[in-house]
Amino acid sequence: MKREMQRITGIIEKHKKGFGFIRQEEGADFFVAPDKMGGAMNGDTVEAEILPPHMTRRSHEARVIQILEHKTTELVGTFEKHKHYGFVIPDDKKIGEDVFVKRDFARNAQTGDKVVAKITRYPDVSHSLEGKITEVIAREGQPGSDVLSLIRAYGLYETFPSRVNAEAKARSREPITEKMISESGRLDLRDKTIFTIDGPTAKDLDDAVSIEMLPNGNYLLGVHIADVSHFVAEDGYLDREALKRGTSVYLINRVVPMLPKALSNGSCSLNEGEDKLTLSCFMEINGEGAVVDHSIQESVIRSSARLVYDDVSDILEKDDKVFSKKYSSIVGDIKLMGELAAILRHRRKQRGSLDFDISEAVITLDEDENPIAVELEERRAANRLIEEFMLVANETVAEHFFWLNYPFVYRIHEKPDPEKIMDLKTYLMNFGIKLKGSADNIYPKTLADIIADIEDKPYESVVNRVMLRTMKKARYSTECEGHFGLAFRYYCHFTSPIRRYPDLIIHRIIKESITGRMTEEKLEKYRMDAEKAADISSKTERKAQELEREVDKMKKAQFMEAHIGEEYDGVVSGVTDFGVYVELPNTIEGMALASELARPYLLGERVRVRVTDARPQEKQIDFQIMHKSRSD
């Protein structure tokens, strides 16, 4: 009697060369050869048979026997037109085959156009992959077509449905009148010195700050956040679309916004000289950086100035006379803020908050959206100032609502897995660094001390990156489980409701609470809404971060196309079976293949490389290691 093979269920992770792996929720991964894919595509959920040893040379190999669920229903690619038919060549090389398109389904697409193809027939033993064009994203040669294609490949849209736009425009036309302000009972702060500090190109200004010195010597810090919930009605078209998007996505020179511009850049944005509705968190902070008292109130402000980070940093770092004169009416407040930010930062460091000094890149594009420079982004005094003020406001608000026991959306960051801590311990020994304490109960202060000790060391950047990879990803939750990386017991996202949905939903809860309108019925609804928002927002955030990384990698590879043959100093940033990754000082990373290496290399080792190839579509850069870095 024929023995039935053991079956497994999992998700196919397909390689561009045709083979793949079945990833199970629990249990081992199984290799699948190209001829045993059974028509499965990357991301499909499949049922497979485990092949016995006599049928394979591998211990864990399987054959797909049934596709349970197709993940891919549409794909993005480049159209190739023929006389009676066409093909879509997928941007995602893991698809593995081109999509056949009948002439009647080509929707006027021309050769070279970036298109979206809806799959009409999945591949099997007798049929190839077929589809129809549903959208022409960009014509051949159109600037930015590469980024637009990635946006659509991630299922995102820069534009909004007509009903969402209509609601946004209607809400944005509602005036802020004196009668409305007085009847609402809002705290009128329009005569106070309040201002915004942002990047020079930012248009969605959702936070402003103010400061006073109290008679008792304490600081009174005000963090004033755009009252987006006033304009976005619960469960309306706007609200449902914002929840679906979860976050705004920032892609070098373009934004995929959570809210339409009529609100994000208009009515909600805290523009200079305009009356704006806000939620204000006032915190009395002593000389040690502890919040000794606080209040959260509905308010209305009129921003005194729209400041930019570099100008404020020049005042704080250099006492710049030009900018000090330009902002003479508020320069005293700026310097007082700098003083308070330093106190808050010191207190946070003493508590063990992790601050990975990992360089990020600024990519500059020309008018045709081609990269012309990749440079390090500088975290200056003003950037750190706003960072500290937002952190303390988020912590204060989270603690306030934790003790009220209201439904809420917290920002949590769990402890690293003990296994990863053990791997980190082993890795750090290569640099003579001893990681103290138990892997089961590591403290953030232990890691913070190591970060401080390696500052300015040659291996600082690579050790920081490895430590960061040891961490779990932060996420949203209705349970207040603390933030390991910040060493905070209470934390939430309160300060960016224009671009993050969790901030928006907790603003609603906050307003119902501070105005005394909260009821048991509302509490029950918010419990369900908070659970849903936490789950969706965690997923959309991960998707946004992945897309942002992919766009950066693509543009960096495009930039290096013009530098093939040139040599650079770099640091070994990763070691794999395929080769080693080398990172250049401007964060560009490429791989030197193992087959071309003369000897083994260690993480953190300085080397000199030559650029041998760059493939933007694959987001890859190839290096050849020449010898040790000239700086050694």
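Points to keep in mind about this one:
- Listed residues MET283, MET390, MET528 arranged by accessible area, highest first, probe 1.4 Å: MET528, MET390, MET283
- Net charge of Cβ neighbours under 10 Å - reference LEU263; Lys, Arg +1; Asp, Glu -1: +1
- The relative contact order of the chain comes to 10 percent, based on Cα pairs under 8 Å that sit 6 or more residues apart.
- Among the listed pairs LYS244/LYS543; LYS114/LYS555; LYS14/LYS619; LYS425/LYS445; LYS169/LYS276; LYS94/LYS473, those whose Cα-Cα separation exceeds 19 Å are LYS94/LYS473.
- Length-normalised contact order for the range 40-191 - Cα pairs under 8 Å, 6+ apart - percent: 15 percent
- Anchor LYS420: aspartates and glutamates whose Cα lies under 17 Å away (excluding residues fewer than 8 positions away in-chain): ASP440
- DSSP-assigned coil residues among GluC sites (Glu not before Pro) in the range 284-351, each with at most 16 further Cβ atoms within 10 Å: GLU288
- Dipole magnitude (debye, nearest 20) for the chain, charges at Cβ of Lys, Arg, Asp, Glu: 1240 debye
- Computed from Cα positions, the angle between helix 444-453 and the longest principal axis of the chain comes to roughly 90 degrees.
- Cut-off 14 Å between beta-carbons: net charge of the residues surrounding MET591, Lys and Arg +1, Asp and Glu -1: -2
- For the residues ASP577, ASP320, ASP503, a 1.4 Å probe over the protein chains yields an accessible-area ranking, largest first, of ASP577, ASP320, ASP503.
- For semi-axes √(5λ) of the Cα gyration tensor in Å, calculated from these coordinates, the label among (i) 44, 32, 27; (ii) 48, 42, 26; (iii) 60, 25, 20: (i)
- When DSSP beta bridges are restricted to pairs lying wholly in the range 19-158, around 95% turn out antiparallel.
- The heavy atoms of LYS318 offer some 130 square angstrom of accessible surface to a 1.4 angstrom probe.
- Span from the the range 488-551 Cα centroid across to the the range 270-344 one, whole angstrom: 26 Å
- Helix axis angle, 309-318 relative to the chain longest principal axis, alpha carbon, degrees: 60 degrees
- Accessible area of HIS54 in the full protein assembly, 1.4 Å probe (Å², nearest 10): 150 Å²
- Across the range 44-56, rounded Karplus estimates of 3J(HN,Hα) from the backbone phi angles (6.51 cos²θ - 1.76 cosθ + 1.60, θ = phi - 60°) give 5, 8, 10, 10, 9, 9, 7, 7, x, x, 6, 9, 8 Hz, Gly and Pro being marked x.
- Per-residue 3J(HN,Hα) values for the range 272-286, derived from phi via the Karplus relation 6.51 cos²θ - 1.76 cosθ + 1.60 with θ = phi - 60°, read 4, x, 10, 5, 9, 7, 9, 10, 10, 10, 9, 10, 8, 10, 7 Hz in sequence order (x marks Gly and Pro).
- For the range 259-351: rounded, prolate or oblate by the Cα gyration tensor [a/c cutoff 1.5]: oblate
- Partner lysines for LYS321 [C-alpha distance under 18 Å; skip if fewer than 8 residues away on the same chain]: LYS335
- Relative contact order, percent, the range 273-389 [alpha-carbon distance under 8 Å, six or more residues apart]: 23 percent
- DSSP bridge pairs, the chain: antiparallel proportion in percent, nearest 5: 90 percent
- When the inverse distances between all different Cα atoms of the range 479-587 are averaged and flipped, the Kirkwood radius reads 18.3 angstrom.
- Positive minus negative residues near TYR443 (Lys, Arg vs Asp, Glu; Cβ under 10 Å): +2
- Carbon/sulfur fraction of accessible area - the chain, other protein chains in place, 1.4 Å, %: 48 percent
- Computed on protein heavy atoms with a 1.4 Å probe, the accessible areas place ASP453, ASP622 in the order ASP453, ASP622, largest first.
The values are calculated or read from the model by the stated rules, or taken from the named source; none is laboratory data. Predicted model, so just to flag it, every value in this text is computed and none were measured. Counting neighbours? That spans all protein chains shown, and the Cβs are built from the backbone with ideal geometry, glycine included. Ligands, DNA and RNA are excluded from the accessible area calculation, which covers all protein heavy atoms including side chains. Shrake-Rupley method; radii C 1.70, N 1.55, O 1.52, S 1.80 Å.
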